[in-house]
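*Asks:* Structure in structure tokens, see below.
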Amino acid sequence: GVGGGLCAGPSSPPPRCSLLELPPELLVEIFASLPGTDLPSLAQVCTKFRRILHTDTIWRRRCREEYGVCENLRKLEITGVSCRDVYAKLLHRYRHILGLWQPDIGPYGGLLNVVVDGLFIIGWMYLPPHDPHVDDPMRFKPLFRIHLMERKAATVECMYGHKGPHHGHIQIVKKDEFSTKCNQTDHHRMSGGRQEEFRTWLREEWGRTLEDIFHEHMQELILMKFIYTSQYDNCLTYRRIYLPPSRPDDLIKPGLFKGTYGSHGLEIVMLSFHGRRARGTKITGDPNIPAGQQTVEIDLRHRIQLPDLENQRNFNELSRLVLEVRERVRQEQQEGGHEAGEGRGQQGPRESQPSPAQPRVEAPSRGPDGTPGEDSGKPGDASAAAEPPAQCGQGQPFVLPVGVSSRNEDYPRTCRMCFYGTGLIAGHGFTSPERTPGVFILFDEDRFGFVWLELKSFSLYSRVQATFRNADAPSPQAFDEMLKNIQSLTS
């Protein structure tokens, strides 16, 4: 053979090399590169392996690679906790609660981000900025934390209220659901009673006092939210949510946005793309349109060409354009039947903005014959929807029509493109929900708007710039399933 004298005869078996014969430092290197979940079964193999698996460098590397923990060991030595303890009793034990969650707080929902932070796991509740400053960064406050201070077991603490950490409990119900319970709710009470609690909440939640809010209906909504949400005392159930998967041909990067919702203040909405449609799903909600419902749906096949600036100020002109497109969509649905099913608002996606005290505004009628004016040259051209964003130049000047109310007057004055869409409106308590026509206005990569025709109001949305770990959906199907789940809770 080529190997000369080194080659064993055809009958003799190849020499066997057992892992056990490798030097310990090599075994440490091998074990440290395996997923931590495989290591307990290795420890069962023999006493040598079990002994080697007590080497803390193995677990330090697993903590760093799997959970991003780069804790300095001096700090650990002082607490008497090993990296192996940190891995087994904290990170691995609570791995199922890392990521993004929506608390079940009736119609209000919310956004919780559970992260590993050194030797802690912390649940941060993300709050929109104060109304109506959609471009300001999100605010956040800790609701609970889990840590390992002694060797024994992880300690769960409730962080709610203003008296510092106190005893809490976490139960992992199933893979995508967990609940928190505070064992010392007296820590949430204030010496000044409910009035002081309300004033403090108002300052944190709204950045103002009740005297600053002259709008009586808004005062009512705020009081209602305080009474409703404070009854939970941080004893909450959370359901997992994922960030939307992104594709190269999406109009803009999907994700979370802060949006203005009239008297309800700012809410968090998730923008996701589904073929020729885009959806805005509420992550936080209100008594009209609860969290989980689909606030807006955008039909990417139907572009709307806005008129020149002077005509944009005319609400009737905008109504005419939108209602022409709506008529065309209806005709397509009748003709295509099947394909249009996609666009029929799919039982469930819904959303609102009107407050109970605000009467609905009748949509202006179309032309006398009710048919779209084909020769006007302005109706949204379906073929234009195929234009990729890059070819649409820097956009055109934009102004809201006279009479359309906006919480934030500081909206962008140029837009890239507009599409026909529908917005969900309902009465208080999500009564008589109805999808009504409107216009989706794309300003730039991070901002879009929606004109609710029937309500004569405008919502401005600005991207949430925070980055979230452990928040990607394992598959597009899992993402769609999640959207259905959070919607079904409030339907």
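*Asks:* Could you sort Asp472, Asp136, Asp299 by their accessible area in this structure, using a 1.4 Å probe and putting the largest first?
*Replies:* Asp472, Asp136, Asp299
*Asks:* Let me ask something else about it. Quick one: accessible area per residue over the range 131-209, 1.4 Å probe, rounded to a whole number of Å²?
*Replies:* So the range 131-209 comes to 57 Å² accessible per residue, rounded to a whole number.
*Asks:* Carbon and sulfur together cover what percent of the accessible area of the range 19-94 at a 1.4 Å probe radius?
*Replies:* Ligands and nucleic acids excluded, carbon and sulfur give 56 percent.
*Asks:* Using a Förster radius of 35 Å, what is the FRET efficiency between Ala466 and Lys163 based on their Cβ-Cβ separation? Nearest 0.05, please.
*Replies:* So the FRET efficiency works out to roughly 0.80.
*Asks:* Follow-up. Checking the cross-link filter: which lysines have an alpha carbon closer than 19 Å to that of Lys258, excluding same-chain neighbours under 8 positions apart?
*Replies:* Here the lysines satisfying the reach criterion relative to Lys258 are Lys141, Lys225, Lys282.
*Asks:* Quick one: how many Å² of Lys456 are accessible to a 1.4 Å probe, rounded to 10?
*Replies:* Number for this one is 70 Å².
*Asks:* I've got another one for you. Considering only protein heavy atoms, what per residue accessible area in square angstrom results for the range 19-94 with a 1.4 angstrom probe?
*Replies:* Accessible surface, normalised per residue, equals 55 Å².
*Asks:* If Arg139, Arg16, Arg203 are ordered by their accessible area, calculated over protein heavy atoms with a 1.4 Å probe, which sequence runs from highest to lowest?
*Replies:* Arg16, Arg203, Arg139
*Asks:* Return the distance in nm (one decimal) between the two label points of a simple spin-label model at Val115 and Val173, each offset 7 Å from Cα along Cα→Cβ.
*Replies:* Here the answer is 2.6 nm between the modelled labels.
*Asks:* Additional query: How much FRET efficiency would the formula 1/(1 + (r/R0)^6) give for Val45 and Asn316, where r is the Cβ-Cβ distance and R0 is 60 Å, rounded to 0.05?
*Replies:* Approximately 0.15, to the nearest 0.05.
*Asks:* Right, next: Would you kindly state how much longer the chain becomes between Glu21 and Gln231 on full extension, computed as 0.36 nm times their sequence separation minus their alpha carbon distance, in nm to one decimal?
*Replies:* Stretched fully, the Glu21-Gln231 segment lengthens by 69.3 nm.
*Asks:* Give the shape of the range 230-314 as rounded, prolate or oblate, defined through the alpha-carbon gyration tensor: a ≥ b ≥ c are the square roots of its eigenvalues, a/c under 1.5 means rounded, and otherwise the shape is prolate if a/b is larger than b/c and oblate if not.
*Replies:* oblate
*Asks:* Which cross-chain or sequence-distant (5 or more) residues have an amide H under 5 Å from the amide H of Ile283, H modelled 1.01 Å from N in plane?
*Replies:* When sequence neighbours closer than 5 places are left aside, the close amide H contacts are Ile268, Val269, Met270, Gly292.
*Asks:* For Leu223 and Glu29, what is the calculated FRET efficiency with R₀ set at 45 Å and r taken between the beta-carbons, to the nearest 0.05?
*Replies:* 0.10
*Asks:* Shape verdict for the range 19-94, please, from the Cα gyration tensor: rounded (a/c under 1.5), prolate (a/b greater than b/c) or oblate.
*Replies:* Prolate is the answer for the range 19-94, as a/c is 1.5 or above and a/b outweighs b/c.
*Asks:* I would also like to ask the following. Which distance in Å, rounded to a whole number, links the C-alpha centroids of the range 231-274 and the range 133-195?
*Replies:* Distance between centres, Cα-based: 22 Å.
*Asks:* Run the quick spin-label model on Leu309 and His130: label points 7 Å from Cα toward the beta carbon, then report their separation in nm to one decimal.
*Replies:* 3.3
*Asks:* In addition: Using θ = phi - 60° and the Karplus form 6.51 cos²θ - 1.76 cosθ + 1.60, what ³J(HN,Hα) does each residue of the range 462-475 get, whole Hz, x for Gly and Pro?
*Replies:* Listing the rounded values in order: 10, 4, 6, 8, 5, 9, 10, 8, 6, 10, 8, 6, x, 7 Hz.
*Asks:* Okay, moving on. Using a 1.4 angstrom probe on heavy atoms only, work out the carbon and sulfur share of the accessible area of the range 168-302 in %.
*Replies:* Answer for the range 168-302: carbon and sulfur cover 51 percent of the accessible area.
*Asks:* Quick check: residue separation of Phe214 and Leu489 times 0.36 nm, minus the Cα distance between them. What number comes out in nm?
*Replies:* 95.6 nm
*Asks:* Report the residues of the range 426-469 in range of a label on Asp410: point 7 Å along Cα→C-beta, backbone N strictly under 19 Å from it.
*Replies:* 443-450, 458-466
*Asks:* Sort Phe458, Phe214 by accessible area with a 1.4 Å probe, largest first.
*Replies:* Descending order: Phe214, Phe458.
*Asks:* Right, next: What distance in nm separates the simple spin-label points at Asp446 and Ser246, each placed 7 Å from Cα in the Cβ direction?
*Replies:* Label-label distance for Asp446 and Ser246, simple model: 1.3 nm.
The values are calculated or read from the model by the stated rules, or taken from the named source; none is laboratory data. Fair warning: this is a prediction, and the values are worked out from it, not measured in the lab. Cβ coordinates were reconstructed from backbone atoms using ideal geometry, including for glycine residues, and neighbour counts include every protein chain displayed. Just so you know, the surface numbers come from the protein's heavy atoms only, side chains and all, with ligands and any DNA or RNA stripped out. Shrake-Rupley method; radii C 1.70, N 1.55, O 1.52, S 1.80 Å.
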